[in-house]
Amino acid sequence: MRRRAAEYRRPVRRRFSNWIWALFGIFSVAGLVLLVVNHNQHEDRVEQPLLERNTRLEQVAHESLNFTEEILSARSFSRQLAEQMTLAKAYVIIAKEHNNLHLAWELSSKIRSCQLLLSTAAMRGEPVTLEEAEPIIKSLSYLIFRAEDAHYDIATTIMTMKSHIQALEERANAATVQSTVFGQLAAEALPKSLHCLNVKLTADWLKKPSLQRLADEKRNSPILVDNNTYHFCIFSDNVVATSVVVNSTVSNADHPKQLVFHIVTNGINYGTMQAWFQSNDFKGSTIEVQNVEEFSWFNASYSPIMKQLLDADSRDFYFGGYQDMNVVPKLRSPKYLSLLNHLRFYIPEIYPQLEKVVFLDDDVVVQKDLTPLFSLDLHGNVNGAVETCLEAFHRYYKYLNFSNPIISAKFDPQACGWAFGMNVFDLIAWKKANVTARYHYWQEQNANGTLWRLGTLPPGLLTFYGLTEPLDRRWHVLGLGYDLNIDNRLIESAAVVHFNGFMKPWLKLAIGRYKPLWERYVNQSHPYLQDCVTS
């Protein structure tokens, strides 16, 4: 009887193998060859004498069973059941597609039985026996024969599976985009403690005229335009992050009283920033806070990026329902609509009397004295920056569209990228090279978004091309906001560490290994911070 059943199944499986070869060729020819071989091996195994099979199982039972190896073994019933289950799942989809719900239900029922048997075997630590496997294998073989014999020809099956594969790929892509967007939102969301601090500081600014008078007195201080001092600029709306940058810089400076910090924020956070920096001392350093909304010259008639950011299509791209799977999800971040993000290209306009500045992002921590940067010879270049092309993917071709002749005719695709976040700018050389006009030119060329996918680094690579002096890598170490495996020796030797990435140090999703580097410069003793954290 068993031999007759096996002979009955043989032509069925051979016919099934013929069309399933075409179907699973979509995924992997090699995998299908293995599938067909295993089917043939199964036919031989079913016919082996029960005594021989049980003898082998008794030998295996005395050993510690590795179920992963068992289910991958070409000679195990677990492997046979897993393969039958995979084929049955494919037919469930096809049966539903053809509205054969009864067959789909029967297949699903046998799939559940198969799953139960495999999980039971895994829990007891013993292989599946012939007596356990044979009824399910026979039932699944019969149902697969019915499915094939009904009306599911090869062409229909392939087209059905292709459509389902495409649908699954689209769902996977959508899930990836959604996951990245959620990560971006988490990275940009203001923690409750920081929101609480902002509220308290804003109330101080409004209720204490003494703070406003102090700010007015410092506004015209001669040191703000003294080129014999060391000037740093920070553009941010995060008061704690900005405070850490300032505090870490002065804490590691040999002469903190010679440091001048130029902070630009937006109108919402202007009072917050002023209240914090006017009421705290940073080792005698000078701190200026400005409101970007008071820069009358920074308007759509002067700045192409301002004009583009005010465009309705651009705003819909970020806040509307526009979806393009080809766009890197992080580039939909509304931070690219922030005026503060683009101010780095207008430093000479903001500080027309300064000759050299160091630009710092608000997610960096300074670990060494940065004043030697001001005496570095940039060899006539405008921008001093650390190159990031130690890995091949940080070259120009990864950021720019070299299929466009405007790009390919003027730039080397293998040119090194470099980092924004800690940059030395020679403002005299900047004005001589008319860098801001170069930036405007490239922004106008990219009005339709075909040269690069937004952000500030791509236009920076174009604007400062041929005008960038490579700095020693130890000046600026990146990746603390996404890379878990940065060498400790590299971090310790770095003058500046940069928490670029979603895992910002002021968030709960920060990388715990690096967070103390940032937290040591937070003024934990401040009563407002203590109240806000505990509340």
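Report whether or not Val364 is under 15 Å from Ala495 (Cα atoms) and in contact with a Pro (Cβ under 8 Å, 6 or more places away or on another chain). Walk me through it before giving the result.
Details: under 15 Å from Ala495 (Cα atoms): yes; in contact with a Pro (Cβ under 8 Å, 6 or more places away or on another chain): no.
Here the answer is no, as Val364 does not meet what is asked.
Only one residue in Val382, Val365 is β-branched (Val, Ile, Thr), farther than 15 Å from Leu471 by Cβ and either out of contact with any Phe, Trp or Tyr (no Cβ under 9 Å at 6 or more places or on another chain) or in the same structural domain as Trp430 (by the TED database) (or both), so which one is that? Talk me through it step by step, then tell me what you get.
Values: Val382 fails: farther than 15 Å from Leu471 by Cβ.
Going through Val382, Val365 in turn, the sole match is Val365.
Considering Leu32, Leu57, which residue is modelled with pLDDT under 85, surrounded by 13 or more Cβ atoms within 10 Å (Cβ to Cβ), touching a Gly at 6+ places or on another chain (Cβ under 7 Å) and on the phi < 0 side of the Ramachandran plot?
Working: Leu57 fails: touching a Gly at 6+ places or on another chain (Cβ under 7 Å).
The match here is Leu32.
Within the stretch 100-131, track down each residue that is without any contact (Cβ under 8 Å) to a residue 60 or more places away in the chain, in a loop (DSSP other than H, G, I, E, B) and closer than 20 Å to Leu72 by Cβ.
Going through the stretch 100-131, the residues without any contact (Cβ under 8 Å) to a residue 60 or more places away in the chain turn out to be 100-124, 128, 131.
Pick out the ones that are also in a loop (DSSP other than H, G, I, E, B) and you get 100, 128.
Within the stretch 100-131, just Val128 meets the criteria.
Taking the stretch 253-276 as the range and being of a type outside the set (S, T, N, Q), closer than 22 Å to Thr371 by Cα and open to solvent by 10 Å² or more (accessible area, probe 1.4 Å) as the test, the residues that pass are Ala253, Asp254, His255, Pro256, Lys257.
To keep it simple, each residue is scored yes or no on (1) open to solvent by less than 50 Å² (accessible area, probe 1.4 Å); (2) part of a loop (DSSP other than H, G, I, E, B); (3) without any contact (Cβ under 8 Å) to a residue 60 or more places away in the chain; (4) in contact with a Gly (Cβ under 8 Å, 6 or more places away or on another chain).
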| position | (1), (2), (3), (4) |
| --- | --- |
| Gly384 | yes, no, no, no |
| Tyr397 | no, no, yes, no |
| Leu400 | yes, yes, no, no |
| Gln414 | no, yes, yes, no |
| Phe425 | yes, no, no, yes |
| Ile428 | no, no, no, no |
| Lys431 | no, no, no, no |
| Ala437 | yes, no, yes, no |
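May I ask you to verify whether Val250 is touching a residue at least 60 places away in the same chain (Cβ under 8 Å), open to solvent by less than 30 Å² (accessible area, probe 1.4 Å) and not in a strand (DSSP E or B)? Talk me through it step by step, then tell me what you get.
Numbers: touching a residue at least 60 places away in the same chain (Cβ under 8 Å): no; open to solvent by less than 30 Å² (accessible area, probe 1.4 Å): yes; not in a strand (DSSP E or B): yes.
So Val250 does not fit the description; no.
Cβ separations smaller than 6 Å between residues 6+ apart or across chains give the following pairs from the stretch 193-218 residues that are in contact (Cβ under 8 Å) with a residue 40 or more places away in the chain to residues that are open to solvent by 80 Å² or more (accessible area, probe 1.4 Å) and assigned to a helix (DSSP H, G or I): Ser193/Val533.
Looking only at the stretch 439-466, which residues are part of a helix (DSSP H, G or I) and out of contact with any Pro (no Cβ under 9 Å at 6 or more places or on another chain)? Within the stretch 439-466, Gln445, Leu457, Pro458, Pro459, Gly460, Leu461, Leu462, Thr463 qualify.
The values are calculated or read from the model by the stated rules, or taken from the named source; none is laboratory data. Not measured: the values here are computed from a predicted model. Note: ideal-geometry Cβ built from the backbone for every residue, glycine included; neighbour counts use all protein chains shown. Just so you know, the surface numbers come from the protein's heavy atoms only, side chains and all, with ligands and any DNA or RNA stripped out. Shrake-Rupley method; radii C 1.70, N 1.55, O 1.52, S 1.80 Å.
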